[in-house]
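A quick write-up on the structure given underneath.
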2 protein chains.
Amino acid sequence: MLGEPGGTGAGALLSILRDGQARTRAELMQLTGLARSTVSQRLDALLDQRWIIPAQDAISSGGRPAVAFAFNQGARVVLTADLGATHTRVAVTDLAAGILAERTADLPIERGPEATLGWLVETFTDLLAEAGHGLDEVCGVGVGLPGPVEHGTGRPINPPIMPGWDAFPVPAWLSERLGVPVLADNDVNIMALGEHWAARPEADHLIFVKIGTGIGCGIITERRLHRGAQGAAGDIGHIRVPSTDDVVCRCGNIGCLEAVAGGGALAGRLREAGEDAADSRGVVRLVRAGNPHAVRLIRQAGREVGEVLTSIVNFFNPAVIVIGGDIAEAGEHVLAGMREVIYSRSLPLATQHLDIRASELGDRAGVTGAAVMVIEHVLAPTAVDQTVA
Amino acid sequence: MLGEPGGTGAGALLSILRDGQARTRAELMQLTGLARSTVSQRLDALLDQRWIIPAQDAISSGGRPAVAFAFNQGARVVLTADLGATHTRVAVTDLAAGILAERTADLPIERGPEATLGWLVETFTDLLAEAGHGLDEVCGVGVGLPGPVEHGTGRPINPPIMPGWDAFPVPAWLSERLGVPVLADNDVNIMALGEHWAARPEADHLIFVKIGTGIGCGIITERRLHRGAQGAAGDIGHIRVPSTDDVVCRCGNIGCLEAVAGGGALAGRLREAGEDAADSRGVVRLVRAGNPHAVRLIRQAGREVGEVLTSIVNFFNPAVIVIGGDIAEAGEHVLAGMREVIYSRSLPLATQHLDIRASELGDRAGVTGAAVMVIEHVLAPTAVDQTVA
């Protein structure tokens, strides 16, 4: 398909410099095909707004040394939040998604949007001060929400565990109070962005599977989020597991992955067996304590997730599968069960170089991914062109 | 993600004009941000090579009428071929993938690459003459092959039904004889491109499912082919069907979709029941003749394909699913079985606007898609920049 025709503004220069390498005026003229006067004018605007900084002198061919320019990853900060069902993590990051300050809190999402987001604005203010930055240095806010989010507006859409949040304009509400662009997305999508950035940024096709109380996945293809036609992509928790068909799921169907291998289902089965497991974290605690019943169950859950992923590997041929969420904290037992099934069942060509691994970022996948989402948005060439006059 | 910085050559102008709308010099200056002299120079080069033609005078605001320029879809022709196991279709198209001349022939692919491709070169020459064009007007050749093809080189890789073709450099061999760029890809990928172009060019996410002797799919996302990390994406014939697990597949696993619902499997079961069905075409003939056994089998095959697509709909959330291949010619029976399962089993949000339809192009999906592949390649801005000096 054809690319976009444009890309001749300051954003084009910044998108070249973002790889971290410093370049001279002459190099930038050559790379963009723009005239010297145009390049100079745009570099001045970028310097003026601190998006770039003069770097060490580049090698000169005999004459006076040419000044090189580099991307300034400290130019702005990003505010991010990963809102879970009961627990929230908030962070301030730089333009390389590095965490400058962070805080976690027990905050039930069912308190509703205004109480939750009001608390968030206060916490952002505290954290900014702690990191030694002002609101004028914030280039954007990224928020992960534990439910379906409409792309474009960032509103939760019929979120099952977020009473009072349906269609609440999260980005608009926050943007009005903070005066900067705000982006919101589903937490699993955001975690996929974070894991891709942290673990395998060069991978074109990555799937991040979150196994917590429920099960869902985030899909990266050609290094971008695949959301699907209705933004519903990645909802693998209700795919039927071939080997089991007697379990009824909350969705009304039988044999759904979530109903057999989700943290809620596993905790329920352990309680039936007389074990103390209130939720998915309880399951992981038992596994870590070496409880044989819990270990057996979680390995079987890994196989069942593997059965579903086998189909996805044949269909999608990802380079990397990253496993995260509470249940993934049970570590090698889950991965071993998954690998067992995927390698025996998927096509050899598709598994030849397939990398199946545990989350690199753990609890920080959400806040890191939310920062990545904001950075990609704010530093897109057209966005830079709009802000750098 | 960030876009490419460049795109300021003749290719950028052509990519704007390719939508079919004529534009004046002033409009093109505004759209690209390029100087008048630059636009004029690049328009001259494009006119010189006939990529564009002067269109009717545009509306002028009082002064002398401004000349507008339009894309010339007759500027070049494309040669395309869809090579099947036993049957081949060859065509000459314009730059809108419209067929100007075509021919079909019985040509067993097992005759090997040199005999097959030698015949192809002769047939291309004949067809070009028939369409009233010369080799100097050909901008590229597109070839579909019935097996896995390495992206980038266009070589078949361990193709199961193409003896003698493994690693044969199809594009290089043809390009040496025809003197133009040659692209080759797997037939299902190419058919997906053709169906997307013909039926739903505006759809971001489309899946084309070919049900013939085997079963495979081509995946379009963000309007481009998704090939996966090893180019193995779309191999859904060996996904396990949840409801059946007693059939052994040629791949060694049990319950593979192809082993229960492929044309070869269906023909085999009909023969066991005493019916006359040599292959998938025989199955379709019986269905069309109203044979109740064949109708029952093919509807059940539709349900089984539907079971696998249900997982894919939840995972990928496509806007459109197009069904093609021999078995799809049995029409509504297959579609009805598929729809029955997909709508009862996939998530409501993902099926709300899902369009499940039969192939629009039928036997021509391959040659049309091969033309689309070549046109997108030849008219990519960077490619145009290289040829229009």
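Each reported figure results from applying straightforward, stated rules to the coordinates on display, with no laboratory input. On a predicted model such as this, the values are computed, not experimentally measured, just so you know. Cβ placement follows ideal geometry from the backbone for every residue including glycine, while neighbour counts extend to all protein chains displayed.
Worth a mention:
- Rounded to the nearest 20, the Cβ-based charge dipole of the protein assembly as shown about its Cα centre (Lys and Arg +1, Asp and Glu -1) stands at 220 debye.
- By the count of other C-beta atoms within 10 Å, a proxy for reagent exposure, B:V384, B:V39 are ordered fewest to most as B:V39, B:V384.
- At 0.692 mPa s and 37 °C, Stokes diffusion of the range A:200-358 via Kirkwood alpha-carbon radius, µm² per second: 209
- Candidates B:R177, B:R281, B:R111, ranked by Gaussian network fluctuation over chain B, Cα under 10 Å, top entry: B:R177
- Mean sequence separation of contacting Cα pairs (under 8 Å, at least six apart), scaled by the length of the range A:28-163, corresponds to a relative contact order of 19 percent.
- Our note on the geometry: Cα centres of the range A:10-48 and the range B:172-227, 38 Å apart.
- Dipole of the protein assembly as shown, positive direction: furthest Cα of B:G369, B:G112, A:V313, with charges on the beta-carbon: B:G369
- Placing a label point 7 Å from Cα along the Cα-to-Cβ direction at B:E332 gives distances to the equivalent points in the other copies of 5.9 nm, listed shortest first.
- Legend: calculated FRET efficiency, B:N158 to B:E360, from the Cβ-Cβ distance at R0 = 30 Å, rounded to 0.05, equals 0.40.
- The phi-based Karplus calculation (6.51 cos²θ - 1.76 cosθ + 1.60; θ = phi - 60°) puts the 3J(HN,Hα) values of the range A:344-350 at 7, 10, 7, 5, x, 4, 6 Hz, whole numbers, x for Gly and Pro.
- For the protein assembly as shown, the Stokes-Einstein estimate of translational diffusion at 37 °C and a viscosity of 0.692 mPa s comes to 115 µm²/s, using the Kirkwood hydrodynamic radius over alpha-carbon pairs.
- The range A:73-130 - charge dipole about Cα centre, Lys and Arg +1 at Cβ, Asp and Glu -1, debye rounded to 20: 140
- For the range B:14-22, 3J(HN,Hα) per residue [Karplus equation, 6.51 cos²θ - 1.76 cosθ + 1.60, θ = phi - 60°, Hz, x = Gly/Pro]: 5, 5, 6, 6, 5, 6, x, 7, 7
- Under a model in which nothing but the beta-carbon of Lys, Arg (+1) and Asp, Glu (-1) is charged, the range A:200-358 shows a dipole of about 160 debye around its Cα centre.
- Sequence-distant residues sharing a close amide H with B:A66 (under 5 Å, placed H): B:A58, B:S60
- Where only C-alpha atoms are counted, convex hull volume of the range B:282-389 per residue in Å³: 121
- Using C-alpha pairs under 8 Å with a sequence gap of at least 6, the mean separation divided by the residue count of chain B gives a relative contact order of 17 percent.
- Between the amide H of A:R76 and those of A:L95, distances stay under 5 Å, these residues lying 5 or more places away or on another chain, with hydrogens modeled in the peptide plane.
- Largest GNM mean-square fluctuation across B:R89, B:R250, B:R227, computed for chain B with C-alpha springs under 10 Å, falls on B:R250.
- As a rough guide to protection, the peptides B:270-279, A:188-197, A:323-332 ranked by mean Cβ packing within 10 Å, highest first, stand as A:188-197, A:323-332, B:270-279.
- Using the Karplus relation 6.51 cos²θ - 1.76 cosθ + 1.60 with θ = phi - 60°, the per-residue 3J(HN,Hα) values for the range A:213-220 come to 4, x, 9, x, 9, x, 10, 10 Hz, with x marking Gly and Pro.
- Centre separation in Å (Cα based) which lies between the range A:318-362 and the range B:64-92: 45
- Counted charge near B:G366, where neighbours are those whose Cβ lies closer than 12 Å (Asp, Glu -1; Lys, Arg +1): -3
- Both numbers refer to the Cα atoms of the range B:77-220; Rg and Dmax are 14.7, 40 Å.
- Once backbone amide H atoms are built at 1.01 Å from N, B:T24 has B:F69 as its partners under 5 Å, excluding neighbours fewer than 5 places away on the same chain.
- Candidates B:V313, B:V374, B:V248: whichever shows maximal mean-square fluctuation once chain B is modelled as a Gaussian network with Cα springs under 10 Å: B:V248
- By the helix-only formula, in which each DSSP H run with n ≥ 4 contributes -39500 (n - 2.57) and the sum is divided by residues, chain A has a 222 nm mean residue ellipticity of -12500 deg cm²/dmol.
- Scaling against 2.2 N^0.38 Å puts the C-alpha radius of gyration of chain B at 1.10.
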